[in-house]
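Worksheet for the structure shown next.
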Amino acid sequence: MTEITILSGKGGTGKTSITAALASVAENAVHCDNDVDAADLHLIFKPTIQETNTFSSGWELKIDQSKCNSCTLCSQYCRFRAIHQDENSNLYINPLQCEGCRLCERICPERAITAVEKTNNHWYISNTRFGILVHADMGPGEENSGKLVTQVRKKAKEIGLAQNNKFIINDGPPGIGCATIASLSGADKVLLVIEPTKTGLHDACRLVELLESFNVDAYAVINKYDINKNVAKDIVTFLNEKQIPVLAHIPFSESMVEAMTLGKTIMEYQPQSEIAVIIKEMWSKLIN
Ligand code: SF4
Ligand code: SF4
C-alpha cells in the first residue's frame, strides 16, 4: 500500500480540487482528510457518515471559588501566566492562555482546581462514491490538530490494510505547522501543489525545507501555471535545483471552480477536458 500526501505551502492553491480529481482517477484507494483545522474535502466527497468518534483536544481548568483561599500559589507556578485575579481578588483561569498542563491542579493545597477533558473534536469514517473517507472536524479554537491528523491517518491505514487497498490518499493541511508534520511522517510520497505567485514560491520553499528532514519522495504540480509564467519558471528552476520532479503544469480554468461549486471533481464535470487529461497523466506518473 502506497501512502500519498498532497500538500501546499499555503491555502488557496487548489490542493483540495486536485486531491478530489485524483480520487476520481485512483482506483482501490482509501481517502483521508488531514486538513482537520479547515476540512473541506467533504464538500466534494459528500460522505455518508458510518461512524463518529470523539477526540480529546486537551483540558479545561476551573477554579472553585468556594474552596479557593486566594493564596495565589497557582498563579505563581503557572508558566503561561494564565491565572489572574479579578477586582474582588478572586482567582480565575483565562482559557485562551491556559495550555492545559494541569500543574495548578496538582499544586493547589485546597484542591480547588479541577480539570475537565475537552471533547469538541470529532473524527468520522464515511462511505463516499470514491471509497472510504476518514475525516475530522475540530471545534473552534481547539488544539491538538497534529494528534488528530495522526489519529485519522492511523484509522485510514487500518482500513486500507483490511480492505487490501493499493493507495491511501491524504489531503494534507496548508502551511508547515504541526498538522503538516503529522501528515508527512511515514508517508511514501508527497505531491506539492504550488501556484505561481511570489507567496506561492516563498511558501513552497519553506515546505521543501521541511520535506528535507523527512525520508519521503517528493513531486510537484504547478497549478494555474499560466496566471504568471515568469514565476512558474522560477518555481520550476527551484524544484530542479532540489531534484523534485514537476509532474504537471495545470492551466487556469474556470471549470475547476464550477466543478467545485457543483460538488463535483473536474473529472466528473468535464471528463474530456484538457485538465482532466493532464490530471490522469499526472496520476500515472505519480504512481509509477
Ligand atoms: S492555589 Fe488553590 S487555593 Fe491557592 S489561589 Fe490557586 S486555586 Fe486558590
Ligand atoms: S493548567 Fe497549566 S497552563 Fe493552565 S492554568 Fe494551570 S498551570 Fe497554567
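What follows draws every value from the coordinates through simple rules; no lab data is involved. All values derive from a computational prediction rather than experimental measurement. Cβ placement follows ideal geometry from the backbone for every residue including glycine, while neighbour counts extend to all protein chains displayed.
Quick notes on this structure:
- Helical mean residue ellipticity (222 nm; -39500 (n - 2.57) per DSSP H run of 4+; nearest 500) of the chain: -10500 deg cm²/dmol
- A Gaussian network model of the chain, with springs between Cα atoms under 10 Å, assigns the largest mean-square fluctuation among 82, 218, 187 to 82.
- When the pairs 15/242; 189/233; 15/154; 189/280 are compared against a 19 Å limit on Cα-Cα distance, 15/242; 189/233; 15/154 fall above it.
- Of all aspartates and glutamates in the structure, the ones whose alpha carbon falls short of 13 Å from that of residue 118, not counting any fewer than 8 places away in one chain, are 60, 99, 142, 143.
- Straightening the chain between residue 2 and residue 101 buys 31.9 nm, computed as 0.36 nm per residue apart minus the Cα-Cα spacing.
- For the pair residue 215 and residue 198, the difference between a 0.36 nm per residue extended length and the Cα-Cα distance amounts to 3.4 nm.
- Cα centroid separation, segment 228-288 to segment 136-166: 26 Å.
- Separation of the residue 268 and residue 127 label points, Cα + 7 Å toward Cβ, nm: 1.6 nm
- Spin-label model, residue 92/residue 285: points 7 Å from Cα along the beta carbon direction are separated by 5.8 nm.
- Label zone at residue 76, where the point sits 7 Å out along the Cα-to-Cβ direction: segment 97-126 residues whose backbone N lies under 15 Å: 104, 107-110
- Basic side chains Lys and Arg get +1 at the Cβ, acidic Asp and Glu get -1 at the Cβ, and with that the dipole of the chain about its Cα centre reaches some 380 debye.
- Estimated from the Cβ-Cβ distance and a Förster radius of 25 angstrom, the FRET efficiency linking residue 119 and residue 185 is about 0.50.
- Part-to-part distance (alpha-carbon centres) for segment 28-96 and segment 1-27, which is given in Å: 30 Å
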